[in-house]
Amino acid sequence: MATPKFEEIKQYILAQIESGEWAEDSRVPSENQLAELFNCSRMTARRGLTELTESGVLERSQGLGTFVAGLKTQSSMMAIRNIADEIKDRGHGYSVQQVELTQTHATGAIAIALGLEEGGNVYRSVLVHCEQGTPLQLEERFVNPKLVPDYLAQDFTKQTPHEYLSMVAPLTEAKHTIEAKLADNAQLALLNIDASEPCLQITRRTWSRQGVVSFARLVHPGSRFRLGGHLTFS
């Protein structure tokens, strides 16, 4: 099966950066230039640039063009820890309910997030992580089957997806967004909360050296979860 043109464009750009040919803040070719170079449409070239921009590899400046991002823009202020370890470190009991573990089709948003063809196969898991028997986090995760072919064979009541993925596809990069939201009916039932309770959702994409491994939505009841961190400035 031929590699999609937008993936060829991404691989080309990444190769130039990794080889040192394009340093930080270097301007990358425009959509028109990439479309001509790879004999494709501007829309296809735009998709390649957009996905690398969303992953923090590139930066776009209105009216100026697209540039290789500095390393600082790709770093995370949040440590990515295994939720089971977090709970146990507090001296509390950890338990988990595996709600779903199946193969499905990648919709537009999921396909873009994982760099897959729309409608192609993707693995999906849904788990409820509990602290002292009370739901703390609803984890919905989509996993790239090309990079983690044995994902559906795992028992995530024995180890978390984070633990398993850290072993088979070690994390090299992550990008996340954090937002307040109200849970939908299915989430309300799984988290055992009232419809009026605000939630905190962390949306996270993770990479290994081979590409995008997973895309996860982590939903937490506001009354049971808080997010903090410590920064040191030199």
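The values are calculated or read from the model by the stated rules, or taken from the named source; none is laboratory data. Everything numeric here is computed off the predicted structure, so don't read it as measured data. As a convention, Cβ positions derive from the backbone with ideal geometry for all residues, glycine included, and neighbour counts pool all protein chains shown. Just so you know, the surface numbers come from the protein's heavy atoms only, side chains and all, with ligands and any DNA or RNA stripped out. Shrake-Rupley method; radii C 1.70, N 1.55, O 1.52, S 1.80 Å.
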For His162: the one exception among (1) open to solvent by 20 Å² or more (accessible area, probe 1.4 Å); (2) farther than 19 Å from Tyr94 by Cβ: (2)
Lone qualifier among Glu173, Glu118, Glu131, Glu140 - being touching a helix residue (DSSP H, G or I) at 6+ places or on another chain (Cβ under 6 Å), charged (D, E, K, R), open to solvent by 10 Å² or more (accessible area, probe 1.4 Å) and closer than 28 Å to Phe6 by Cα: Glu118
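So which residues in the range 147-158 are open to solvent by 10 Å² or more (accessible area, probe 1.4 Å) and in contact (Cβ under 8 Å) with a residue 60 or more places away in the chain?
Leu147, Thr157
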Members of the range 179-217 that are over 12 Å from the mean Cα position of the chain (by Cα) and assigned to a strand (DSSP E or B): Glu179, Ala180, Lys181, Leu182, Pro198, Cys199, Leu200, Gln201
Any pair with Cβ under 8 angstrom, 6 or more apart, that starts in the range 6-30 at a residue that is at pLDDT below 90 and ends at one that is of a type in the set (Ser, Thr, Tyr): Gln11/Thr3
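Looking for whichever is more than 16 Å from the chain's Cα centre (by Cα), in a helix (DSSP H, G or I), modelled with pLDDT of 85 or more and surrounded by 13 or more Cβ atoms within 10 Å (Cβ to Cβ) here; the options are Ala84, Ala111. Which one fits?
Numbers: Ala111 fails: more than 16 Å from the chain's Cα centre (by Cα).
So the residue among Ala84, Ala111 that is more than 16 Å from the chain's Cα centre (by Cα), in a helix (DSSP H, G or I), modelled with pLDDT of 85 or more and surrounded by 13 or more Cβ atoms within 10 Å (Cβ to Cβ) is Ala84.
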Residues located in the range 196-216, provided they are touching a Phe, Trp or Tyr at 6+ places or on another chain (Cβ under 7 Å) and either open to solvent by 30 Å² or more (accessible area, probe 1.4 Å) or not assigned by the TED database to the domain that holds Val143 (or both): Leu200
